[in-house]
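Shown next, in structure tokens, is the structure this report addresses.
Please treat every number below as a calculation from the coordinates, not as lab data. No experiment lies behind these values; they were computed from the predicted model shown. Heads up, the Cβs are rebuilt from the backbone with ideal geometry, glycines too, and the neighbour counts pull from every protein chain shown.
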Amino acid sequence: MKHLSLLLLWLLFGMANAQNKPVDSLYLAETKKTLWKASEVNNSKTEIRTSYEFAQKLSRDGNYLEAIKQLREIIRVADEIGDRQMTAKAYGQLGFIHARQASYSVAVEHYLSALKINEERGDKTGVFYNLVNISSLQADQKDRESALQTIRKAFLLAKEAGDSLQMTTSLINLGNFSILSDKPTSLNYFRQALSMAQNSHTSQRVIILTKLGSLYTDQREFGKATAYLEEAMELARKLELKRSYGEIWSKTALLYFAQQQYAPAIDYAKKAFHLAVEMNLLELKKESYKQLSEFYAATGSFHEAYNNQVQYKLLSDSIFNDKNVRKIAFLESTYRYDKERQVYEKEKANQALKIDNQQRTILFLVILSILILMLAFAVYWTNKLKKRVLKLQIANMNQELEINQKAMAAATLKLMENSERDAHSVKMLENIKKNTIEEGRNEIRTLIAEYKFKSSNTNWKEFEILFQKVNSSFYEKLSAYYPNLTPNERKLCVFLKLNMSNNHISQITFQSEEALKKARLRLRRKMAIDRDTNLATYVQNL
């Protein structure tokens, strides 16, 4: 029901305009009140768009004041519900209205506001149309270089998007900005635009056809000029583009004037003038005054020519002075916008850099943590492996030591058994010697001596090898502390290390008790051991 009411209000308004009846301000106020009542209740984006279309309709019909009020209300409500797209559209429409009223400083403020929002939203289409409108303002301020730069940016966006309508719009503006400086290039732009808009974009074709008609008039190709202007008017009437009528009539007036057909030239100039007054189009009004002054002068109506020239001069001075003020305001607004934009972009870049640094820091910490964990794990396993290896080494050493100790014990026992056996054999030989004649005794003595030597060396060599395995550092210490010991003294130290008794040592070395005592005494002297120190205990502690 609510949407039906809105549609009914729209139709009533359209009917009033179709009959060329003025729209009552109270009626407009009630219409706006009704429209926004539903919006305040539901915050509906659909209703905002309906109101936007309504404001566009007001603008097309020349009801600029009401259109501006409607658009400001749209901005307020759109901001409340967060509809940034509609806010940008409303600002753009406000800029368009103020530009048509030659309020350039106000227009540029609105265009820049729309541009900023669309850039933040990433709306390339919105950015494109904002750039187009800004370039038109720059051209109006006679800053054609800036206008060309801006429209080329817009054209690149359109080309990137592959949008034929946008590319057509860009080509039209490029043609407009090139008319004064390079008409052949301008004509080429318009031809490209017309080719691109041939089967679509009829509103764009009206503009292009009008421009081509004007250019061919300048080149005095009146047939082509007439054809293009007539086609433009036919399309404008079909689309009900009322504002376009004035531009076409103005160009048609120049076409007739160029052919010295002054009466129709004056008629078309007047039609353009009346439309300019009706829709408050200052630039068209000024152009109409200028044309009428020239046309009347050509027919000899100097009074009419003078009056129109005066009006043209007054309006030109007014617009010129106003443009100077607005141009300064335009430059100030542009500077302020650029400054705000730089701050915004810098903040955005700083924020992005901050986020990037945070992400890099987090990534670095994660990688560092993983590396530390891997290192700790590696150290843990390395230590564990080292402990295992060490345990195995200790076990092997203990096992080897145990084996060597057992072998040493067995060797010691074997040494003693061999010594006892050899001692018994020597004793038997001694007994045989007693019962033998003198000649036989010498041979037996020689045999006993050889037997003792061989027995001692053979038993000792096997024993010494095992002893060194079990007591590997003992000989090193003896050599380090007592380097002057004889082999027999070193051998005595080994026996003392093994805690052998004098009897066992005597059997092994085939020495008498007395000889062994003397050997111990010599060893004590070499080692500088006093009489209170036990020799065997001292040697065992080495």
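Each residue of segment 179-187 was assigned a 3J(HN,Hα) from its phi angle through the Karplus curve 6.51 cos²θ - 1.76 cosθ + 1.60 (θ = phi - 60°); the sequence is 4, 6, 8, 8, 5, x, 5, 4, 4 Hz, with glycine and proline shown as x. What list of ³J(HN,Hα) values in whole Hz, one per residue of segment 528-541 in order, does the Karplus curve 6.51 cos²θ - 1.76 cosθ + 1.60 (θ = phi - 60°) give from phi, with Gly and Pro shown as x? In residue order, the calculated couplings are 6, 9, 6, 6, 7, 8, 6, 5, 4, 5, 4, 5, 5, 7 Hz. Applying 0.36 nm per residue to the separation of Ser203 and Leu239 and subtracting their alpha-carbon distance, the gain on full extension is 12.2 nm.
Compared with the direct C-alpha span, the chain from Lys224 to Asn383 gains 47.5 nm at full extension, assuming 0.36 nm per residue. Taking a straight line from the alpha carbon of Lys211, these aspartates and glutamates sit under 13 Å away, with near neighbours fewer than eight places off in the same chain left out: Glu230, Glu231, Glu247. With both labels modelled 7 Å from their Cα along Cα-to-Cβ, the Asp79 to Glu462 distance reads 11.5 nm. Here the gap between Ser479 and Arg60, fully extended at 0.36 nm per residue and compared with their Cα-Cα distance, gives a gain of 138.7 nm.
Working from the alpha-carbon coordinates of segment 42-82, get Rg over Rh, Rh being the Kirkwood radius. Across segment 42-82, the Cα-based Rg/Rh ratio is 1.00.
What FRET efficiency comes out for Asp317 versus Ser181 if R0 is 35 angstrom and r is the Cβ-Cβ distance? Round to the nearest 0.05. In this case the efficiency is close to 0.85. The distance between label points at Lys391 and Lys434 comes to 6.6 nm (points 7 Å beyond Cα on the Cα→Cβ vector). With neighbour counts taken as other beta-carbon atoms within 10 Å, the residues Phe222, Phe54 rank, fewest first, as Phe222, Phe54. Here segment 471-542 is treated with +1 on each Lys and Arg Cβ and -1 on each Asp and Glu Cβ, and its dipole about the Cα centre works out to around 140 debye.
Here His504, His274, His110, His424 are placed in order of increasing Cβ neighbour count within 10 Å, fewest first, which gives His424, His274, His504, His110. For segment 471-542, the extents of the C-alpha atoms along the principal axes are 30, 26, 20 Å, listed from largest to smallest. Going from the fewest other Cβ atoms within 10 Å to the most, the residues Leu156, Leu373 appear in the order Leu373, Leu156.
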